[in-house]
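Undergrad: First the structure, which I've put down as structure tokens, then a few questions once you've had a look.
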Amino acid sequence: MERNDAVMPWVAIVSAAMMWILLLFLFNKETAPEPVVVDQAVVASIAKDYPTVGKAVFEGKGNCVGCHGAQGQGIIGPKLAGDEKLLKDPVYVHTILVNGKGAMPAYGNTLTESEIYAVANYVLNSWGNKIDPLLTPATVAEGQTKIDPAVLKNRSRFVPEDLKLPEIFLATFIMVLLTYGLIGLYSVWAEGMELHPGIHKVRSSPLAVMAMLTTLALTVVFSVLFVRQMVTDYAGWAAKEPVMPNVTAEGFYAAMILLTLAAALALYKKYFMDGEVLVEDASGEFPW
């Protein structure tokens, strides 16, 4: 008996691929950062103003001393004096001042551009800190990536904080279509293009046994890698200077465990388990 549902899984997968392209377009609309405008007047004033204007902002308008201390020694906020990480990536100081981070407020809307560069250079050139050349809009523009770091941070989470309703709908529909398509493809692979009603006895071949053993071995390997990654990430969180977990590696290993287990179950049903095919209702609208 010829199947009436053999083509539908491919239709579902192709439709999911088209939806995925649309979803990527929605995501990527927000990944391009606003270009940095290099104001020559600001550049010219930085070297002259940062020792005085930067100090005034640090101690007064910005009230940075309340958290970081008058000598950058750190109080509530982190220590700024002698921080090699800041000197290696001075653009990071500008980013934190503009956007804020954690308990530190964003100053992008409360300080002028000149004041932001002044206080950034004051921090980067005080209490033993020293950078050469000074931080300027040109430096920030040069260090700016094609993808906004804030967007990358959100995209690295399992559930981004800024998902909107169209993105949620598309992502859910894609998952439904992919699930439908993969189950359908598995059904066609396991039961064939034609259904023969009755009980079917199967006998495993040496190749099927080898495939099953390989799949189970891969499951064990990815399980070990997943556990090792989790232990490493936990140790990173508990370190004196916390290290962000490698969410990508964790997700990849977890996905591979599920896929290899699914492959093992599929091989078992195809080559090791007796099956029974019932008469298909040709009038049914939904396959399987």
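All of the numbers you see were taken from the coordinates with simple rules; none came from a lab. Since this is a predicted model, take the numbers as computed values, not measurements.
Undergrad: What are the ³J(HN,Hα) couplings of region 184-191, residue after residue, when phi is run through the Karplus curve with 6.51, -1.76, 1.60 and θ = phi - 60°? Round to Hz, x for glycine and proline.
TA: Couplings: x, 4, 4, 4, 5, 5, 6, 10 Hz.
Undergrad: Separate question: Tell me, what HN-Hα J-couplings in whole Hz come from the Karplus equation 6.51 cos²θ - 1.76 cosθ + 1.60 at θ = phi - 60° for each residue of region 49-65, using x for Gly and Pro?
TA: Using θ = phi - 60°, the values come out as 9, 4, x, 9, 5, x, 5, 4, 5, 4, 8, x, 4, x, 6, 6, 5 Hz.
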